[in-house]
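Data block below; observations after.
The values are calculated or read from the model by the stated rules, or taken from the named source; none is laboratory data. A quick note: this is a predicted structure, and the numbers were derived from the prediction, not measured. Heads up, the Cβs are rebuilt from the backbone with ideal geometry, glycines too, and the neighbour counts pull from every protein chain shown.
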Amino acid sequence: MICPGCGQQVSLSPVEGADDVIAEDDASTNDEPDDGDLSGLKIRQISALRRGAYRTRSWLMIAAIACIVGAAQLIFLAARAHRIGQQLAPLGDILVAIVALLLCLYFARRAAEVNREIQQSRLEEPTTPPDFSTLRDGSQRWTNLEAMNDDLSEN
């Protein structure tokens, strides 16, 4: 019999001293992670995503700074070439510096977006305590399993 809740194969077998006990077959057959909040796999995934977001933000900030430095260097080269008397080279340097500044704006905005995503992914502390009144004691699962066993034995 397959449990509808977890997808694992279970069998009902009587045990001396107990009414009924659920004996689970190999628990490792279920490849899906459990739904627990403190699942090790879930924590590792969240940590990897967070590290990736931090890395992305860092690279975007480095790119923005590199664009500023490149634009400043190109403006300096254009000013020096203009003093020497060149006409065409300073114009190209200025145009490339403008493109570098536009790229800087793009990288800075993207870094701000990633930073907002990082801040939003953190969970805030709840303002009210959790309400456990709607939770059951688990006896309904036993009833569901008995009903499934009855349905299987009838077929």
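Out of region 92-111, which residues are modelled with pLDDT under 95 and small (Gly, Ala, Ser)?
92
Name the residue, out of 27, 72, 89, that is modelled with pLDDT under 90 and surrounded by 13 or more Cβ atoms within 10 Å (Cβ to Cβ).
Every option except 89 fails the conditions.
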